[in-house]
There are 2 protein chains.
Amino acid sequence: MNDASPLRTDVRNRLLAKMAAHDWALVAPHLESITLKERQVVEVPNKPITHVYFVETGVVSVVAVNAEDHRIEVGVIGKEGMTGHPLVFGDDRAQHSAYMQIGGSGRRMPAAAFVEAMKQSPSLRALVLKSAQAFMIQTAHTALANGRAKLEERLARWLLMAHDRLDSDAVPLTHEFLAVMLGVRRAGVTVALHSFERRGMITTRRGQLTLVNRAAIEQVAGSFYGIPEAELKRLMSEPL
Amino acid sequence: MNDASPLRTDVRNRLLAKMAAHDWALVAPHLESITLKERQVVEVPNKPITHVYFVETGVVSVVAVNAEDHRIEVGVIGKEGMTGHPLVFGDDRAQHSAYMQIGGSGRRMPAAAFVEAMKQSPSLRALVLKSAQAFMIQTAHTALANGRAKLEERLARWLLMAHDRLDSDAVPLTHEFLAVMLGVRRAGVTVALHSFERRGMITTRRGQLTLVNRAAIEQVAGSFYGIPEAELKRLMSEPL
DNA sequence: GTAAAGCCGTACGCTTCCGTACGGAAATAA
DNA sequence: TTATTTCCGTACGGAAGCGTACGGCTTTAC
């Protein structure tokens, strides 16, 4: 498997990195490096997907919304994955809202080019299907956490998922946005983060918090964290 | 599209019914009619999937479970769909627990035969991908309901989803099982169902409830019900 | 027919989290 | 600098739902 193509040396997205050489050759010409600013919208519900984003730094929030504007995050995407899963299923439009929750950078390619590449390569299809499956598992466990976990457990889970996708221990987010993602009160997040800080698990300052004791946070999240991560690892370490 | 093959006349599963003739020809020889008793286990977490089930009557619950045995239903499957979605993604094992929540009947085929048929037919792949996507949308909205809806709203949503998949207005389930699926107390379900009954929305008797005013139940569920159903319709009415 | 098991109705105290709101501190804009 | 906005800390009453439990009714098993 030759993946020593010059352009690939600085690819940090794990899907792009894992692609077979011939799939990379299919995809690379259409890739565009792009900075992803926080709050930048990536997908709009019921609108056609314009690009597939391969995140390299930063975190995308995928947020389900209903007719009464109730909303909640159903999953996050970072350097381990890609946006635009509906394309993988043969659909052309997004179901959920998706936007950069934490700014960063990545590559993107037009949806049409992605669909064309999928059509041409079974191995590429296999790879992106695994990515979609990993995301689906994440969504299922989000449903589990939403239904059964307490605020602190869910918040800890979210911090761990963000941490997994960042290169630093700092999470540049306001309480307000954490609250929106979890579907809880802003004030509730403030109190919970305070508790975490008092217990030496994080430090905080305006608009940012920093993990300082990940193990303790894992303990709070308990078994609500871990399965999607283990499954992702399994899926991505399997041979194509 | 010739779908007048003799065996197809009594096919009530919508996926099987929608298959192109050549896909049906690929699948049919491996199908086995089967009765699906309530509580019958269909998939076990982390175990290989043995069969794909095309439900014709009855309802399958797909339940996510974590290491501490917290569990919650992440989706239901009836005559509109199939079990064994991980196979569609190229995986051979189940992530979640799946079992007949309401008994019925259907057809099943061995997982290996299903995988082989998928390999041979792009149109079959396209169809089952749509089914998987529809289920994924359902899971996302379950996550939304779990995080933001009240018990009554969630219960109403569940009753509607079950009703959509049954041929009668009767739902043969105990409060206990409804509670397990929603991840709430059995007593909470009892009280909520009482309220529904007082409001003339359902009638109840031991181990069974009957919808009598579906519109009223839809009103309780509000916008937590409907999007996955609309999306399913859209996906299944699209050309392949 | 009697016993056992399963299911439902109800209750009480308690935890969690909501809705709302207000003031102050920090950052940003003018 | 000053004004404005954003963000955070805190508070209070209240709603929702939990854990637990007990008793009675219904169905099933023997």
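Readers should treat all values here as calculations from the given coordinates under stated rules, not as data from a laboratory. Not measured: the values here are computed from a predicted model. Cβ: placed from backbone, ideal geometry, glycine included. Neighbour counts: every protein chain shown.
Shown is the FRET efficiency for B:I34 and B:D164, computed with R0 = 22 Å from the Cβ-Cβ distance and rounded to the nearest 0.05: 0.50. Protection proxy ranking, highest mean first, for peptides B:93-103, A:165-175: B:93-103, A:165-175, where packing is the per-residue count of other beta-carbon atoms within 10 Å, averaged.
In a DSSP loop and with at most 16 other Cβ atoms within 10 Å, the GluC sites (Glu not before Pro) in region A:52-123 are A:E68. Placing a label point 7 Å from Cα along the Cα-to-Cβ axis, B:S237 is separated from the same position in the other copies by 4.6 nm, shortest listed first.
Helix B:151-165 and the longest principal axis of the C-alpha atoms of chain B enclose an angle of approximately 40°. Note on region A:168-240: Kirkwood hydrodynamic radius from all Cα pairs is 13.8 Å, rounded to one decimal. The orientation-averaged projected area of the convex hull spanned by the Cα atoms of the protein assembly as shown comes to 22.2 nm².
Computed about its Cα centre, the charge dipole of region A:86-240 is approximately 240 debye, with only Lys, Arg, Asp and Glu carrying charge at their Cβ. For region A:49-105, the percent of C-alpha pairs falling in each 10 Å distance bin, counted from 0 to the bin holding the largest distance, reads 24, 52, 23, 1. Look at the stretch B:87-98: the mean tally of other chain Cβ atoms within 10 Å of its residues' Cβ atoms is 4. Principal-axis analysis of the Cα atoms of chain A puts helix A:122-148 at an angle of about 20° to the longest axis. Considering only C-alpha atoms, what is the centroid distance from region B:160-236 to region A:172-232, in Å? Region B:160-236 and region A:172-232 have Cα centres spaced 35 Å from each other.
Using the structure shown, select from A:K79/A:K233; B:K18/B:K119; A:K130/A:K150; A:K37/A:K79; A:K150/B:K150 the pairs with a Cα to Cα distance greater than 23 angstrom. From A:K79/A:K233; B:K18/B:K119; A:K130/A:K150; A:K37/A:K79; A:K150/B:K150, over 23 Å: A:K130/A:K150. Can you bin chain A into rounded, prolate or oblate? Criterion: square roots of the alpha carbon gyration tensor eigenvalues sorted a ≥ b ≥ c, rounded for a/c under 1.5, prolate for a/b above b/c, oblate for the rest. Judged from the Cα gyration tensor, chain A comes out prolate (a/c at least 1.5, a/b above b/c).
Plainly put, the tip 7 Å out from Cα toward Cβ on A:S168 is 6.3 nm from that tip on each other copy, the closest given first.
The shape of region B:8-115 can be summarised by an equivalent ellipsoid whose semi-axes, obtained from the alpha carbon gyration tensor, come to 24, 16, 11 Å from longest to shortest. Label-point spacing at B:A216 relative to the other copies reads 5.3 nm, in ascending order, each point sitting 7 Å out from Cα along Cα→Cβ. For region B:97-240, the mean projected area of the C-alpha convex hull, equal to one quarter of the hull surface, is 9.6 nm². Helix B:227-237 axis versus longest C-alpha principal axis of chain B: approximately 20°, rounded to the nearest ten.
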